[in-house]
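Trainee: Can you keep this structure in mind? I'll have questions shortly.
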Amino acid sequence: MSTLKELSELPVKLTSGHRLCAGCAEPIFAKQILLGTQRPLVVSLSTGCFEVSTTVYPYSSWNVPMIHTAFGNGAATCAGVETAYKSLKRQGKIKEDVNFVNFAGDGATYDIGLQALSGAMERGHKMMYVCLNNEAYMNTGIQRSSATVMGADTTTSPAGLESSGKKEFSKDLTAIMVAHNIPYAAQASPHNWKDTVSKAKKGFDCDGPSFINGIVPCPRGWRTPSDKTIEVARLAVETCVWPLYEVVDGEYALTAESERIADGKAEQKPITDWIKTQGRFKHLTEERWAPVVEDMQKQVDRNWEKLIKLATN
């Protein structure tokens, strides 16, 4: 693992000057992922906040080759470029080793692009897919996605007199990717750069497809102060709403704070500590929605216990 000083001296792949909102976690997390390789890199971007804000014509924040794709076909495009590269390398037209990565939001990953993602993982393309998971379709108006957590107030799951927000628990997409028997899958958070960079390196270095799911708080959609992004991301991990772990060739292992919580070296915080930081959950502080909060806590605890068992077997 490189030191922070060594990482800071590497060429900048994603520059400043993009149009992402103040406090957005996406560029923070993406830069950490990009530090995971020093090889030549090709980036594919599914349509979303990250794509539209880093490629405002006639400008670009990218210092590496980049391809813009539609919402649903980012994985297919990245897989196609990787396939073309392998052909050119067999023909001797390219000598160096090249890495490939697709960045996409949760809407383009959990929902619209799931078919293309599943296909790319199943076919074994040597590429990394990174989900910038801000738990809603932020780019098009904060609509709920299947990554949106239960109880969240969005424009298509509004909280009100008769509604507690989104009714359903979020989909466990990381587990779905693990079920594809890929060499590497992981969950990460921008608050722990060392953990994220380490996982990115493993994903880029593995012999086959890899998947990293990153929680990236959105100040606009989550209704949080722009200077609290990292704090909110950390709380998601400390409450076990978003555990940090990796799966290498089917073997689960908890990492960073999650490993310490499982070992009893750190305390699991209640989900209410996370809820109270975000305006999208403001309604849940009302007494009548207490059963919803209880259900959220129970689901988090069930998922956490299941993950501990997977990591200790």
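Bear in mind these aren't lab numbers, they're just calculated from the coordinates by the rules spelled out. Here the structure is a predicted model, which is why all the values come from computation and not from measurement. Using ideal geometry, Cβ is built from the backbone for each residue, glycine included, and neighbour counts are taken over all protein chains shown.
Trainee: Which count do you get for residues in the range 22-61 that are surrounded by 16 or more Cβ atoms within 10 Å (Cβ to Cβ) and not in a helix (DSSP H, G or I)?
Mentor: 16
Trainee: Can you find, within the range 233-255, the residue that is surrounded by the fewest Cβ atoms within 10 Å (Cβ to Cβ) among those that are out of contact with any strand residue (DSSP E or B) (no Cβ under 9 Å at 6 or more places or on another chain) and of a type in the set (A, V, I, L, M, F, W, C)? First the steps, then the outcome.
Mentor: Filtering the range 233-255 down to residues out of contact with any strand residue (DSSP E or B) (no Cβ under 9 Å at 6 or more places or on another chain) leaves 234-235, 238-240, 250-251.
With the extra rule that they be of a type in the set (A, V, I, L, M, F, W, C), the set shrinks to 235, 240.
Details: Leu235: 23, Cys240: 25.
Top of the filtered list is Leu235.
Trainee: Related question: Take the conditions among the charged types (D, E, K, R) and surrounded by 15 or more Cβ atoms within 10 Å (Cβ to Cβ) and apply them to Lys269. Does it pass?
Mentor: Judged against the criteria, Lys269 is a match.
Trainee: Among (1) touching a residue at least 40 places away in the same chain (Cβ under 8 Å); (2) under 25 Å from Pro243 (Cβ atoms), where does Ser44 come up short?
Mentor: Exception for Ser44: condition (2).
Trainee: Of the residues Ser164, Ser157, Ser145, which single one is within 30 Å of Trp289 (Cα to Cα), hydroxyl-bearing (Ser, Thr, Tyr) and surrounded by 24 or more Cβ atoms within 10 Å (Cβ to Cβ)?
Mentor: Ser145
Trainee: Could you figure out which of (1) assigned to a helix (DSSP H, G or I); (2) touching a residue at least 24 places away in the same chain (Cβ under 8 Å) isn't true of Ala84?
Mentor: Among (1) assigned to a helix (DSSP H, G or I); (2) touching a residue at least 24 places away in the same chain (Cβ under 8 Å), Ala84 violates only (2).
Trainee: Looking at Thr174, Thr148, Thr154 in this structure, which one is part of a helix (DSSP H, G or I) and under 18 Å from Ala108 (Cα atoms)?
Mentor: Thr174
Trainee: Could you list, in sequence order, all residues of the range 62-81 that are assigned to a helix (DSSP H, G or I) and either in contact (Cβ under 8 Å) with a residue 12 or more places away in the chain or touching a Phe, Trp or Tyr at 6+ places or on another chain (Cβ under 8 Å) (or both)?
Mentor: Gly74, Ala75, Ala76, Thr77, Cys78, Ala79, Val81
Trainee: Determine which member of the set Tyr85, Tyr129, Tyr57 is among the aromatic types (Phe, Trp, Tyr) and in contact with a helix residue (DSSP H, G or I) (Cβ under 9 Å, 6 or more places away or on another chain).
Mentor: Being among the aromatic types (Phe, Trp, Tyr) and in contact with a helix residue (DSSP H, G or I) (Cβ under 9 Å, 6 or more places away or on another chain) holds for just one of Tyr85, Tyr129, Tyr57, which is Tyr129.
Trainee: Being touching a residue at least 40 places away in the same chain (Cβ under 8 Å) and under 20 Å from the mean Cα position of the chain (by Cα) is the filter here, so list the residues in the range 259-276 that pass it.
Mentor: Filtering the range 259-276 for residues touching a residue at least 40 places away in the same chain (Cβ under 8 Å) gives 262, 274-275.
Passing the criteria: Trp274, Ile275.
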